[in-house]
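**Student:** Quick one: the structure is below, questions incoming.
The values are calculated or read from the model by the stated rules, or taken from the named source; none is laboratory data. What you are looking at is a predicted structure, and each value in this text was computed from that prediction instead of being measured. Cβ: placed from backbone, ideal geometry, glycine included. Neighbour counts: every protein chain shown.
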Amino acid sequence: MGDPKLPAPNHRMWLMAPPSIAKYVMDSATNRYHEAATWSKGKNLKNSQADRDHSPQGTLLTQLTGRIVAVRRMKHSTFFDVRNSQQEHQCLAGTSEYDGFGVGVADIVKLHGRPSRSRTGDAVLEVDSLVCLSKPSGQESLTDDFRAGALRRTGRSVRQDRAREILVDSGLRERLRVRIRVMRSIRQSLLELGFDEIDIPVIVTSPFAGTANLFRLNSADLASVDLYLRGSLESHLKQLIVAGFESAYCMGASFRNESAELHEFLMVEGMSSRFDQSQLIDMVEQVIRGAALSVRGFPAVANNRVEALATPWRRDTFSAITGASANEGASVKRAYDALRGPISDGFRLPVFVDKFPAVLSPLAQRDESLAGNAMRGYMFFSGLRICEIVQEQADAEEQRAVFEAQKLSIAGDSGAKKDSWAYDSELLEALKLGCPPLSGFGIHINRLVAALTDVRRVSDVVPFPLASGLMAR
């Protein structure tokens with residue numbers, strides 16, 4: 001007889017509490033399964049009257065598929081823990097029966113059994129039948145990693161052993177669950193605020209990404225075209241506003257040929273003609289606060305960080321924070337040097353620092369009230385730059401003039417990379433069509449998750465990082 005068809009999982013419920021195990025009553029007359037009461041660890045097992053009436057001759061049965069992560073052998077009984085995607089379940093079989101199954105730690109199994117209780121009152125699944133679905137090669141070393149709760153270093157790259165590390169390191173798995181929930185919360189918030197999610201090309205023809213260096217690509221079919229991995233989502237989002245979208249965002253990876261953290265990093269970038277910069281600051285503050293509160297109580301989350309991000313942002317300016325004027329920060333290197341001290345002090349509560357030097361903000365509108373500054377700011381928290389919010393430049397000729405000024409600035413800056421300047425010709429052509437006033441934002445997912453979970457290494461919060469270096473500030 002075939003297996004029962006399991007109901008679709010309620011993911012929303014699973015995020016709030018461990019899921020119950022679905023149980024089925026098998027009607028011996030019809031050979032069909034009927035859903036019975038639910039059961040989970042720590043709850044009393046009771047069948048409803050409806051279940052008993054529906055199948056008076058039924059047998060309570062549970063199906064579970066997962067990986068064995070621990071085994072405790074006794075003289076007559078063997079307890080073993082099976083982990084599925086959401087939690088670990090304690091299972092029980094007679095020792096001779098367990099030996100007959102021919103399974104051990106790290107095996108993937110499918111079993112049927114009955115919810116019961118051990119002599120000490122713990123909830124267990126008393127196993128009737130078990131099938132081994134997969135046995136890993138190198139099982140002995142994987143068993144040792146499970147017992148240690150961490151990956152033994154092999155000298156190979158981070159990605160080569162990443163699946164094994166996620167498998168055995170419960171802390172890493174919990175941080176990745178935080179990441180998933182944060183991404184889901186941000187998406188939901190932006191949907192409610194009227195933003196359309198759209199995809200942006202990963203391969204671009206312009207090397208422009210502010211003052212950053214990009215990865216260059218080669219194509220056999222497009223040998224005459226310069227190709228790059230995108231370093232930002234901003235330009236294409238702005239072009240979409242020109243094309244008639246009011247509010248759009250993209251959640252995706254950007255790539256920089258710079259520090260290990262920035263080789264590949266996940267961003268949420270958005271653009272809107274419905275909000276000015278001041279309104280967008282309030283909106284993004286609300287989005288980040290909601291993301292932080294959505295993971296409050298998760299095992300990997302530092303709740304003091306959640307409470308801090310739930311407080312209103314302090315507002316300040318670049319000059320007030322650094323003590324440097326815009327003219328003193330008139331080169332990329334000097335501007336970042338001025339920020340290094342305040343950032344290293346930590347910013348234990350979220351601080352939005354506005355009016356950055358124009359040299360750092362080639363796509364931002366210039367601040368007419370303060371020469372040398374742009375209408376661009378960052379939110380800093382826990383020593384990390386979490387997000388940026390910008391009043392975007394909408395005039396094609398003014399944007400071209402900014403590109404020219406940036407070229408001269410970089411040419412005279414001994415600390416700048418000489419290939420870090422380029423026109424974004426696609427953007428200039430789009431702006432010539434006419435662009436409404438607009439503002440934009442970018443939220444750095446890796447850094448936000450790192451701040452919430454109180455870690456500093458990229459590999460602590462990214463599923464498959466290229467390297468395990470520290471987060472850039």
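**Student:** Of everything in the stretch 79-115, what is within 20 Å of Pro136 (Cβ to Cβ) and β-branched (Val, Ile, Thr)? Give them in sequence order.
**Tutor:** If the condition is that a residue be within 20 Å of Pro136 (Cβ to Cβ) and β-branched (Val, Ile, Thr), then Val82, Val103, Val105, Ile108, Val109 are the ones that fit.
**Student:** Quick one: what pairs do we get from the stretch 388-410, first residue more than 24 Å from Gln279 (Cα to Cα), second surrounded by fewer than 23 Cβ atoms within 10 Å (Cβ to Cβ) and of a type in the set (Val, Ile, Thr), C-beta under 9 Å, 6+ apart or different chains?
**Tutor:** The qualifying pairs are Gln406/Thr211; Ser409/Val332; Ile410/Thr211; Ile410/Val332.
**Student:** Looking for something surrounded by fewer than 16 Cβ atoms within 10 Å (Cβ to Cβ), at pLDDT below 90 and more than 14 Å from Leu125 (Cα to Cα) - is there at least one such residue anywhere in the stretch 37-44?
**Tutor:** No: the stretch 37-44 contains no residue that is surrounded by fewer than 16 Cβ atoms within 10 Å (Cβ to Cβ), at pLDDT below 90 and more than 14 Å from Leu125 (Cα to Cα).
**Student:** Looking for something in the same structural domain as Phe215 (by TED's automatic domain parsing), at pLDDT 85 or above and of a type in the set (Phe, Trp, Tyr) - is there at least one such residue anywhere in the stretch 418-425?
**Tutor:** no
**Student:** Do we have Ile410 as modelled with pLDDT of 90 or more and either among the hydrophobic types (A, V, I, L, M, F, W, C) or touching a Pro at 6+ places or on another chain (Cβ under 9 Å) (or both) here? Can you show your working first?
**Tutor:** Details: modelled with pLDDT of 90 or more: no; either among the hydrophobic types (A, V, I, L, M, F, W, C) or touching a Pro at 6+ places or on another chain (Cβ under 9 Å) (or both): yes.
For Ile410, the condition - modelled with pLDDT of 90 or more and either among the hydrophobic types (A, V, I, L, M, F, W, C) or touching a Pro at 6+ places or on another chain (Cβ under 9 Å) (or both) - is not met.
**Student:** Starting from residues that are over 26 Å from Val390 (Cβ atoms) and of a type in the set (A, V, I, L, M, F, W, C), keep the ones in the stretch 203-240 and report whichever is surrounded by the fewest Cβ atoms within 10 Å (Cβ to Cβ).
**Tutor:** Ala220
**Student:** If you don't mind, there's one more thing I want to ask. Does the stretch 285-300 hold any residues that are in contact with a Lys or Arg (Cβ under 9 Å, 6 or more places away or on another chain) and not in a helix (DSSP H, G or I), and which are they?
**Tutor:** Once the filter is applied, which keeps residues that are in contact with a Lys or Arg (Cβ under 9 Å, 6 or more places away or on another chain) and not in a helix (DSSP H, G or I), the stretch 285-300 yields Val295, Phe298, Pro299, Ala300.
So that you can scan it fast, the table gives a plain yes or no per residue for (1) of a type in the set (Lys, Arg); (2) closer than 28 Å to Glu264 by Cβ; (3) modelled with pLDDT under 80; (4) in the same structural domain as Leu293 (by TED's automatic domain parsing):
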{"site": "Arg376", "(1), (2), (3), (4)": "yes, yes, no, yes"}
{"site": "Arg385", "(1), (2), (3), (4)": "yes, yes, no, yes"}
{"site": "Asp395", "(1), (2), (3), (4)": "no, no, no, yes"}
{"site": "Ser414", "(1), (2), (3), (4)": "no, no, yes, yes"}
{"site": "Ser468", "(1), (2), (3), (4)": "no, yes, yes, no"}
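**Student:** Could I ask something else about it? Within the stretch 367-387, take every residue that is part of a loop (DSSP other than H, G, I, E, B) and either touching a residue at least 24 places away in the same chain (Cβ under 8 Å) or of a type in the set (S, T, N, Q) (or both) and give me the one that is surrounded by the fewest Cβ atoms within 10 Å (Cβ to Cβ).
**Tutor:** This residue is Ser369.
**Student:** Check Gln399 against each of (1) at pLDDT below 85; (2) under 27 Å from Leu227 (Cβ atoms) and name the one condition it does not meet.
**Tutor:** (1)
**Student:** Looking at this structure, is Ile198 assigned by TED's automatic domain parsing to the domain that holds Ala260 and either modelled with pLDDT under 95 or surrounded by 21 or more Cβ atoms within 10 Å (Cβ to Cβ) (or both)? It would help to see each step written out before you state the result.
**Tutor:** Working: assigned by TED's automatic domain parsing to the domain that holds Ala260: yes; either modelled with pLDDT under 95 or surrounded by 21 or more Cβ atoms within 10 Å (Cβ to Cβ) (or both): no.
No, not satisfied.
**Student:** Sticking with this structure for a sec: Between residues in the stretch 104-124 that are farther than 11 Å from Gln90 by Cα and residues that are among the acidic types (Asp, Glu) and modelled with pLDDT of 90 or more, which pairs lie under 6 Å by C-beta distance while being six or more apart or on different chains?
**Tutor:** His112/Asp128; Gly113/Glu126; Gly113/Asp128; Arg114/Glu126
**Student:** I need the full set of residues from the stretch 230-254 which are under 26 Å from Leu433 (Cα atoms), touching a Leu at 6+ places or on another chain (Cβ under 7 Å) and in a strand (DSSP E or B), in order please.
**Tutor:** Ala248, Tyr249, Cys250, listed by residue number.
**Student:** May I pose another question? Output yes when any residue across the stretch 201-219 is charged (D, E, K, R) and more than 22 Å from the chain's Cα centre (by Cα), and no when none is.
**Tutor:** yes
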